[in-house]
1. Could you give every pair whose Cβ atoms fall below 8 Å, whose first residue belongs to the range 143-166 and is under 14 Å from S219 (Cα atoms), and whose second residue is in a strand (DSSP E or B) and open to solvent by 60 Å² or more (accessible area, probe 1.4 Å), counting only separations of at least 6 or pairs across chains?
2. Would you list the strands (runs of 3 or more DSSP E) that sit entirely within the range 183-233 and hold 3 or more residues that are of a type outside the set (F, W, Y), closer than 18 Å to A245 by Cβ and open to solvent by 20 Å² or more (accessible area, probe 1.4 Å)?
3. Among the residues of the range 123-152, which ones are under 17 Å from the mean Cα position of the chain (by Cα) and not aromatic (F, W, Y)?
4. In the range 108-167, how many residues are modelled with pLDDT of 95 or more and basic (K, R)?
5. May I ask you to list pairs of residues, at least six apart or on different chains, whose Cβ atoms are under 8 Å apart, with the first in the range 222-244 being hydroxyl-bearing (S, T, Y) and the second being outside any loop (DSSP other than H, G, I, E, B) and open to solvent by 60 Å² or more (accessible area, probe 1.4 Å)?
6. Since M177 meets every condition but one in (1) closer than 30 Å to S85 by Cβ; (2) touching a residue at least 60 places away in the same chain (Cβ under 8 Å), which condition does it not meet?
Amino acid sequence: MRAKKRGANRLGLALLVLLCVLMLLLLSWGGVSGSPEETPGPAGSPEPVSSSEAPQPSASPEQDNTRFNVELPYDLENGDLRIISLFQTDALNPDCNDEEGSDLASVELVNLSDKYLEEARLTIALTDGTVLEFLVQDLPAGMTVWAFETGNQSLADDSKCETIDCAAQFLDVRPLMSGISTEASGASLKVTNQTGGDIPVLTLRIHCLFENVYFGGKSAEYTIENLANGAAAEITAVECYMGTAQAASIR
């Protein structure tokens with residue numbers, strides 16, 4: 001009887017182990033076949049984020065031009081002038097007596113009209129209260145200029161533009177005296193009188209042409225006196241250290 005009892009105990013133990021193995025197999029099969037949505041997450045996992053709470057994508061490159069709270073390019077004077085860009089540069093400032101500028105506030109402006117821009121004053125107000133001033137003189141039709149802040153102020157990386165204002169004066173015809181020819185070589189400009197008569201006083205407004213752009217918004221004025229017919233005179237535009245002297249107007 002004792003031996004039979006020991007055999008019964010062994011049989012019961014074997015059945016119990018077999019039952020446990022079957023239960024583990026069933027549980028394992030159920031976990032694999034369940035859908036991902038039904039699989040419980042780890043303890044402490046966050047709740048799903050709603051669409052209103054989800055992080056928004058960063059601005060696309062096309063939206064970067066609104067950094068200044070205005071869309072660039074920005075048209076002025078009914079489309080006659082256009083600001084292509086506002087930017088920073090480290091350079092001597094030709095619009096502030098060649099003072100050295102660091103992160104110098106600068107503007108790229110193009111004359112889209114068929115008229116001669118005699119003068120334009122740009123005022124750009126920033127949201128931090130800073131007011132930037134730019135002066136552009138003697139810009140022929142179709143020309144582009146890089147103008148620099150006349151007080152040599154810097155433009156911070158996080159600057160935001162509040163408003164842009166412009167006061168401009170145009171001439172219908174570019175003032176270029178007929179019969180006067182010019183030839184440039186660096187900062188030197190040779191002026192020849194081919195008008196057929198003597199010229200008591202000749203006034204030139206000079207810009208520095210650098211990579212097909214006027215470098216500096218302000219023009220420089222030079223005067224030649226008593227230029228006989230057929231004679232030539234040479235001026236040196238000291239402002240044109242960055243490029244080639246060009247006569248924007250001759251009167």
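The values are calculated or read from the model by the stated rules, or taken from the named source; none is laboratory data. From a predicted model like this one, the values you see are computed outputs, not experimental measurements. Virtual Cβ from ideal backbone geometry, glycine too; neighbours counted across all protein chains shown. Surface areas here come from the heavy atoms of the whole protein model, side chains and all, with no ligands, DNA or RNA. Shrake-Rupley method; radii C 1.70, N 1.55, O 1.52, S 1.80 Å.
1. Cβ pairs passing all conditions: T144/I84; T150/E133.
2. Numbers: elements: 188-193, 199-210, 213-215, 220-227.
Counting at least 3 such residues, we get 188-193, 199-210.
3. To start, the set of residues in the range 123-152 that are under 17 Å from the mean Cα position of the chain (by Cα) comprises 124-126, 132, 134, 144-149.
Those that are under 17 Å from the mean Cα position of the chain (by Cα) and not aromatic (F, W, Y): I124, A125, L126, L132, T144, V145, A147, E149.
4. 2
5. Matching pairs, first to second residue: T223/V201; T244/S185.
6. All conditions are met except number (1).
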